[in-house]
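Encoded as structure tokens, the structure appears first; notes follow it.
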Number of protein chains: 2
Amino acid sequence: MNATHRPPVTVTVNETSYRWPLRPVVVVCIDGGDPRYLRRYLAEGAVPHIAHFISQGFAGVAEGSMPSFTCPNNMSMITGTPTSKHGISGNFYLDTATWQPVVMTGPELLRGDTVIARFAAAGAKVVSITAKDKLRRQLAKGLDVSQGHVSFSSEFADKCTMAENGIENVIEWLGMGKPGMYSMELSLFVLEAGLKLLRERRPDLLFLSLTDFVQHKWAPEEADARRFYERLDDLFGRLAAEDITLALTADHGMSDKSNAAGEPNVIWLQDVLDARFGKDQTIVICPITDAFVAHHGALGGFVRVWSRGKVTARQIIEHIGGVDGIELALDKATACRMFDMPMDREADVAVVAREDTCIGASAKDHDLSGLKGHRLRTHGGVSEAKVPFILSRPLNDAYKAKAASTPLKSWQIFDYAINGTV
Amino acid sequence: MNATHRPPVTVTVNETSYRWPLRPVVVVCIDGGDPRYLRRYLAEGAVPHIAHFISQGFAGVAEGSMPSFTCPNNMSMITGTPTSKHGISGNFYLDTATWQPVVMTGPELLRGDTVIARFAAAGAKVVSITAKDKLRRQLAKGLDVSQGHVSFSSEFADKCTMAENGIENVIEWLGMGKPGMYSMELSLFVLEAGLKLLRERRPDLLFLSLTDFVQHKWAPEEADARRFYERLDDLFGRLAAEDITLALTADHGMSDKSNAAGEPNVIWLQDVLDARFGKDQTIVICPITDAFVAHHGALGGFVRVWSRGKVTARQIIEHIGGVDGIELALDKATACRMFDMPMDREADVAVVAREDTCIGASAKDHDLSGLKGHRLRTHGGVSEAKVPFILSRPLNDAYKAKAASTPLKSWQIFDYAINGTV
């Protein structure tokens, strides 16, 4: 054993106490890592290292945060809290003072501290690497990289500076070409860089967050998805060989939302509402939207509807509750209670799609040309809120008792990985 | 090891294959065994045998069947299927041909076979003991007790006959007085009898189903509830000492549904609907109702509403969706899809209460005098559909992979206990 020997220290982050890591803790968020991929590849024997963690460590299926999008779930993991606490419940919310959408993907609107920033402040060495840069900034909230910490994205791997990222010349250092935004290498780059940092600097905490390009594009039975998981598995094996605690989870799952003809099942909700209530009476926000939407056309399983004042939430719910493909249309208070979301960033009505359906705003505002004949696979609803929760090491008895008597949430991944393993 | 040596046999029940049990498999359904009881008593060290199973075996929190009532969940366990398959989605449904409620607690309406009946037919010795007799009849569907099997309830322990129960003179044989219907002994009797049968006859499969009198009456912090769990734990320890696989789960949880003054938070839904739509236009069925309701007054977290024809489901949903304390009001198709329930026994509208609220029909039809000053604690909703899932022995690798990639359901308890352990 090569555990780091330090005086016993407890670091408290957002009211959860974390012990000093016994060995490096590496948390990987497999973006879009629906349990169905694992189910298939475990049965096929295609992911032997993951199978080994499941056999020798701890594994279950956890509840992710709602909506089942990337930002809310990454923030839940990095803060160890539900969205009701950290406040990031999507990529956008609507400011009803200005009626403008407000981007929530920066660090400014994130409430509370991150686990890595608090550990860094306590003297730990930390690393955060993401596929997309949008996530990188938010994950690095409160982190001063001048103290030897590292925070960068594979998206901007060629633009890293010591001042901003705590590392530079990443492409040359890693010896791996800069990956394209729509490639599986964008994720593999994150893991290769994490592994090299682990070997060279042996940091205490690493958060490695991938991207879901592969899962949006390919179903579990498709060869490209299997090849991606085989490469992930190889990297997980090499990471685990470094005497660490490796934790694997996902931000959300992924569902096929096309019909038998391969056409997406879409509800254009703004059009539906405009037809009923008139133009500019309601505003539909698709909180999955970001700058890289070619693989899903900004269509997801969860949208928000604000009223401009004349239409009541109840009228909106009544009208869309009966639309085929809608799973739930909930008023603000019910949605926030059911899904543990922040009230002040919630719409008048939160809308969840059925597993086989996705929701957009107006047909004219969504560009589906990027699908290029692929079936639409996306996420955001309850049907994509179950995620794997795997630790390479067994739980200690206290956390076995916790897992036996408290529903497992993916926002507990740092808690379990740091405090819960033997 | 004292495993039973037999030729390898596979028994298929409702499309799930079960291997021949390596040793006796004892499944205990802790009626109303909300995870909060375990959480508290594990932390207090009050249940050392359960803690040992959790440490050495397998434990998680599973999803129970909806509605979170006793009959649906016991039938899910004994058939290894969700309610959509076995058809028992409550104690009652409404026959719209006659507009009369139909009791669903007999074996006639149960679809598919039970695990114990199929194993019995294949030559195994099986035992089913319940607290209440209503459940006993349904659990014994297809079981011919003349072949040495046992099926009885502690409620009718003094009335057992060889022809009906496969055992007689139970009170004398067990040496334990006949327990009252509202006593913790009613459950302990089930376990003591199961233990004695295990020692004397070593059957292959035992299903022991308790009653939730204690959990309806006392919260986890109350001494009587702790005493009950201590006595359960002692019995679980004695059972596990017999070289068995012991599986512990619950049919549903239990939530406090009273206000600060100790008065129940009740929505009288039939009264609400009659006031809006007129008398006899809708029919509210409380599927928790049975003959023994003193401890909850037939108030639960889930009710069904049928329309007599003039009022649409959408109108009903619109009217009650806005009532404070209602969590969800869902049309038949949505409810059945979300909760995996049978369409042909579902109402036009399924109504789920908020965690702190329960729903009744008309105030005049519910007798709350049985509460005798106790806070109302009951179940039926989503908030009571999480249950412990504990095995005294570790999972084999195949079932570790299953648990890592498939959400855990309490209806899988026989599958995990028989097929999943080392």
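Assess whether B:Arg308 counts as being within 14 Å of another protein chain (Cβ to nearest Cβ), of a type in the set (Lys, Arg) and in contact (Cβ under 8 Å) with a residue 12 or more places away in the chain.
No: the conditions fail for B:Arg308.
Restricting segment B:404-413 to residues that are under 16 Å from B:Thr249 (Cα atoms) and in contact with a strand residue (DSSP E or B) (Cβ under 6 Å, 6 or more places away or on another chain), which is nearest to the other protein chains (Cβ to nearest Cβ)?
B:Pro407
All but one of (1) surrounded by fewer than 24 Cβ atoms within 10 Å (Cβ to Cβ); (2) modelled with pLDDT of 95 or more hold for B:Thr130, so report the exception by its number.
Failing condition for B:Thr130: (1).
State all residues of segment A:11-45 that are of a type in the set (A, V, I, L, M) and within 14 Å of chain B (Cβ to nearest Cβ); if no residue qualifies, say none.
A:Ile30, A:Leu38, A:Leu42, A:Ala43
Those residues that are on the phi > 0 side of the Ramachandran plot and not charged (D, E, K, R), I need them from segment A:165-220; list them, please.
A:Gly166, A:Asn169, A:Gly175
Here's the yes/no breakdown for (1) buried (at least 24 other Cβ atoms within 10 Å of the Cβ); (2) among the hydroxyl-bearing types (Ser, Thr, Tyr); (3) modelled with pLDDT of 95 or more:
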{"position": "A:His52", "(1), (2), (3)": "no, no, yes"}
{"position": "A:Gly57", "(1), (2), (3)": "no, no, yes"}
{"position": "A:Pro67", "(1), (2), (3)": "yes, no, yes"}
{"position": "A:Thr70", "(1), (2), (3)": "yes, yes, yes"}
{"position": "A:Met75", "(1), (2), (3)": "yes, no, yes"}
{"position": "A:Ile78", "(1), (2), (3)": "yes, no, yes"}
{"position": "A:His86", "(1), (2), (3)": "yes, no, yes"}
{"position": "A:Tyr93", "(1), (2), (3)": "no, yes, no"}
{"position": "A:Thr96", "(1), (2), (3)": "no, yes, no"}
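Only residues that are in contact with a strand residue (DSSP E or B) (Cβ under 6 Å, 6 or more places away or on another chain) and closer than 15 Å to A:Phe53 by Cβ: list them for segment A:241-262, please.
A:Ile244, A:Thr245, A:Leu246, A:Ala247, A:Leu248, A:Thr249, A:Ala250
Does segment B:137-153 include one or more residues that are in the same structural domain as B:Arg40 (by TED's automatic domain parsing), touching a Phe, Trp or Tyr at 6+ places or on another chain (Cβ under 8 Å), under 17 Å from B:Val26 (Cα atoms) and buried (at least 24 other Cβ atoms within 10 Å of the Cβ)?
Yes.
Here are some residues: B:Gly373, B:Gly381, B:Gly360, B:Gly325. Which one is touching a Lys or Arg at 6+ places or on another chain (Cβ under 6 Å) and either more than 10 Å from every other protein chain (Cβ to nearest Cβ) or not small (Gly, Ala, Ser) (or both)?
That would be B:Gly325, the only listed residue that is touching a Lys or Arg at 6+ places or on another chain (Cβ under 6 Å) and either more than 10 Å from every other protein chain (Cβ to nearest Cβ) or not small (Gly, Ala, Ser) (or both).
Could you tell me whether A:Thr312 is polar (S, T, N, Q) and touching a Phe, Trp or Tyr at 6+ places or on another chain (Cβ under 9 Å)?
So A:Thr312 fails the test.
Here are some conditions: (1) buried (at least 22 other Cβ atoms within 10 Å of the Cβ); (2) in contact with a Ser or Thr (Cβ under 6 Å, 6 or more places away or on another chain); (3) in the same structural domain as B:Ala275 (by TED's automatic domain parsing). B:Ser410 meets all but one. Which one does it not meet?
Here B:Ser410 clears every test but (3).
Between residues in segment B:264-290 that are closer than 14 Å to B:Asp348 by Cβ and touching a residue at least 12 places away in the same chain (Cβ under 8 Å) and residues that are charged (D, E, K, R) and buried (at least 19 other Cβ atoms within 10 Å of the Cβ), which pairs lie under 9 Å by C-beta distance while being six or more apart or on different chains?
Pairs found: B:Thr282/B:Asp348; B:Ile283/B:Arg304; B:Val284/B:Arg304; B:Ile285/B:Arg304.
Please name all residue pairs, on different chains or six or more residues apart, with Cβ atoms under 8 Å, provided the first residue is in segment A:163-183 and is charged (D, E, K, R) and the second residue is surrounded by fewer than 17 Cβ atoms within 10 Å (Cβ to Cβ) and not in a helix (DSSP H, G or I).
Between residues of segment A:163-183 that are charged (D, E, K, R) and residues that are surrounded by fewer than 17 Cβ atoms within 10 Å (Cβ to Cβ) and not in a helix (DSSP H, G or I), the close pairs are A:Glu168/A:Thr161.
Closer than 22 Å to B:Ala329 by Cα and among the basic types (Lys, Arg), is that true of A:Arg308?
So A:Arg308 fails the test.
Can we say A:Ser405 is buried (at least 22 other Cβ atoms within 10 Å of the Cβ), touching a helix residue (DSSP H, G or I) at 6+ places or on another chain (Cβ under 6 Å), farther than 30 Å from B:Val352 by Cα and among the small types (Gly, Ala, Ser)?
When the stated conditions are applied, A:Ser405 does not pass them.
Only one residue in B:Asp233, B:Asp243 is closer than 24 Å to B:Cys29 by Cβ, modelled with pLDDT of 95 or more and either within 14 Å of chain A (Cβ to nearest Cβ) or over 27 Å from the mean Cα position of the chain (by Cα) (or both), so which one is that?
On inspection, the qualifying residue turns out to be B:Asp233.
When you look at B:Arg238, is it out of contact with any helix residue (DSSP H, G or I) (no Cβ under 6 Å at 6 or more places or on another chain), within 21 Å of B:Phe53 (Cα to Cα) and either part of a loop (DSSP other than H, G, I, E, B) or assigned by TED's automatic domain parsing to the domain that holds B:Ala46 (or both), yes or no?
no
Within segment A:365-378, can one find any residue that is in contact with a Phe, Trp or Tyr (Cβ under 9 Å, 6 or more places away or on another chain), at negative phi and surrounded by 23 or more Cβ atoms within 10 Å (Cβ to Cβ)?
yes
Could you list, in sequence order, the residues of segment A:7-20 that are closer than 13 Å to A:Arg118 by Cβ and assigned to a loop (DSSP other than H, G, I, E, B)?
The answer is A:Val9, A:Asn14, A:Glu15, A:Trp20.
Residue-wise test of (1) more than 21 Å from the chain's Cα centre (by Cα); (2) not acidic (Asp, Glu).
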position	(1), (2)
A:Gly322	yes, yes
A:Asp367	yes, no
A:Thr378	no, yes
A:Gly381	no, yes
A:Phe389	no, yes
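Given the conditions (1) under 25 Å from B:Val11 (Cβ atoms); (2) modelled with pLDDT of 95 or more; (3) over 19 Å from the mean Cα position of the chain (by Cα), and given that B:Val190 satisfies all but one, which numbered condition is not satisfied?
So B:Val190 meets the others, but not (3).
What number of residues within segment B:245-288 are surrounded by 24 or more Cβ atoms within 10 Å (Cβ to Cβ) and assigned to a loop (DSSP other than H, G, I, E, B)?
9
The values are calculated or read from the model by the stated rules, or taken from the named source; none is laboratory data. Just so it is clear, the model here is predicted, and its values are computed rather than measured. Cβ sites come from the backbone with ideal geometry, for glycine too, and all protein chains shown count toward neighbours.
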